[in-house]
Ligand code: PMP
Ligand code: GLN
């Protein structure tokens, strides 16, 4: 056949998130699979977006993002993490955190470079490293006791490693980076040129009194790394696809060399709406209440599973909960996640999609209205009963 492409990603299909959402829609199932809220965004934000459109903000935003929104992001880091970033040269706004993580990997990873990733990992990192010609080195995220495995990570981080990618709060496990972990990594990397990317899109969503952890708060990692955030997650607007990256000017300059050609500039009226809304009383209250809102959502879902054979460790952060079905069914989570979408009207994400060996574990998004969570818990109880429990 003429015109046959030679794939650069021959082993890759469509993402599990797209697949499960399509399956949920086809079967009219509750979709707790792909990570998006069904909770509406704050009213003031929607009003600000309407005003921005009516005011005629329809043309390109600056390549690096609106200065007032970048100023807000930098003030967010100085307030929350005592980290100083220059809005002009150290902060970039892109089409969701995804576009900037992808651009950073393309800009900074050279063919043959080793990139260390904790597994299971969010599905974007591996293909992005592969496209850059890098070599992915996977280390287990968790040790046998279910704690973040510091020794495992440090063991893989020798001086020749180009990049380490962290993600906290972690998707899909719902764990968070423990206190002291980043400092230990920083100490280990001293004297090397290893870069650190920290995907913190669920940043402030930390539960049970935990403290938010950011690369930005660790001075030596701040100087060798980029931290990424997402307004989609913080404000229930995943479809807006506006995210950011902060990092030292030299890294930001390299990141922007890719960003200016793959995205260039994004969502001008939406950036205007964010810049207007975030400093308002409603905006501040929304962010202050985010962690407790999601903790209550998590607790509501898990309370609905009390007395069932579903096993779980409550998520420490973010808005995903892993459920273990080993006392309900054997084997293959991919099979069961697809089956339960059809038979019980509940779509979830099989954990094996994140490169873990198939175990009967599924990930649920609890960024949902209470009624959705209650309906999902009822489906989960039915699943357990119908499998003879
Ligand atoms: N990183 C992680 C860990 C995620 O779960 C997501 C999911 N949305 C992203 C990055 C991408 O964020 P955005 O939607 O802002 O591109
Ligand atoms: N980050 C979302 C999740 O983990 C998915 C985003 C996407 O569909 N690419 O569910």
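The values are calculated or read from the model by the stated rules, or taken from the named source; none is laboratory data. Just so we're clear, the structure is a prediction, and the values are computed from it rather than from any experiment. For neighbour counting, all protein chains shown are included, and Cβ atoms are generated from backbone atoms with ideal geometry for every residue, glycine included.
Summary of computed values
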quantity	calculated
Members of the range 229-246 that are touching a strand residue (DSSP E or B) at 6+ places or on another chain (Cβ under 9 Å), within 13 Å of ligand 2 (Cβ to nearest atom) and either closer than 19 Å to residue 44 by Cβ or in a strand (DSSP E or B) (or both)	230, 232, 233, 238, 243
Residue check, residue 376 within 16 Å of ligand 2 (Cβ to nearest atom) and part of a loop (DSSP other than H, G, I, E, B)	no
Output for the range 330-369, where each listed residue is within 13 Å of ligand 2 (Cβ to nearest atom), part of a loop (DSSP other than H, G, I, E, B) and under 11 Å from residue 383 (Cβ atoms)	348
Any hit, the range 82-95, residues being touching a residue at least 60 places away in the same chain (Cβ under 8 Å), farther than 23 Å from residue 272 by Cβ, within 16 Å of ligand 2 (Cβ to nearest atom) and surrounded by 12 or more Cβ atoms within 10 Å (Cβ to Cβ)	no
Among (1) in contact (Cβ under 8 Å) with a residue 40 or more places away in the chain; (2) outside any helix (DSSP H, G or I); (3) within 13 Å of ligand 1 (Cβ to nearest atom) - the single one residue 198 does not satisfy	(1)
Qualifying residue in the range 49-72 (condition: within 16 Å of ligand 1 (Cβ to nearest atom), over 24 Å from residue 257 (Cα atoms) and touching a helix residue (DSSP H, G or I) at 6+ places or on another chain (Cβ under 8 Å))	no
From the options 6, 39, 50, residue that is farther than 30 Å from residue 320 by Cβ and either within 16 Å of ligand 2 (Cβ to nearest atom) or in a loop (DSSP other than H, G, I, E, B) (or both)	6
Hits in the range 105-135 (condition: over 17 Å from residue 169 (Cα atoms) and within 16 Å of ligand 1 (Cβ to nearest atom))	105, 106, 115, 126, 127, 128, 129
Qualifying residue in the range 280-295 (condition: modelled with pLDDT of 95 or more, closer than 30 Å to residue 63 by Cβ and outside any helix (DSSP H, G or I))	yes
Residue count for the range 97-147, restricted to those that are part of a loop (DSSP other than H, G, I, E, B), within 14 Å of ligand 2 (Cβ to nearest atom) and either in contact (Cβ under 8 Å) with a residue 40 or more places away in the chain or on the phi > 0 side of the Ramachandran plot (or both)	4
Flag for residue 251 being within 19 Å of residue 199 (Cβ to Cβ), in contact with a helix residue (DSSP H, G or I) (Cβ under 6 Å, 6 or more places away or on another chain) and either assigned to a loop (DSSP other than H, G, I, E, B) or modelled with pLDDT of 95 or more (or both)	no
Residue in the range 16-35 that is more than 16 Å from ligand 1 (Cβ to nearest atom), closer than 30 Å to residue 248 by Cα, modelled with pLDDT of 95 or more and surrounded by fewer than 15 Cβ atoms within 10 Å (Cβ to Cβ) present	no
Test: residue 203 is more than 15 Å from ligand 1 (Cβ to nearest atom) and more than 27 Å from residue 58 (Cβ to Cβ)	no
Tally of residues being out of contact with any helix residue (DSSP H, G or I) (no Cβ under 9 Å at 6 or more places or on another chain) and either under 18 Å from residue 360 (Cα atoms) or free of Cβ contacts under 8 Å to residues at least 40 places away in the same chain (or both) across the range 308-323	3
Subset of the range 222-246 [away from ligand 1 (no atom under 16 Å from the Cβ) and surrounded by 23 or more Cβ atoms within 10 Å (Cβ to Cβ)]	222
Test result for residue 123, modelled with pLDDT under 95 and over 21 Å from residue 193 (Cβ atoms)	yes
Residue in the range 198-221 that is touching a strand residue (DSSP E or B) at 6+ places or on another chain (Cβ under 6 Å) and on the phi > 0 side of the Ramachandran plot present	no
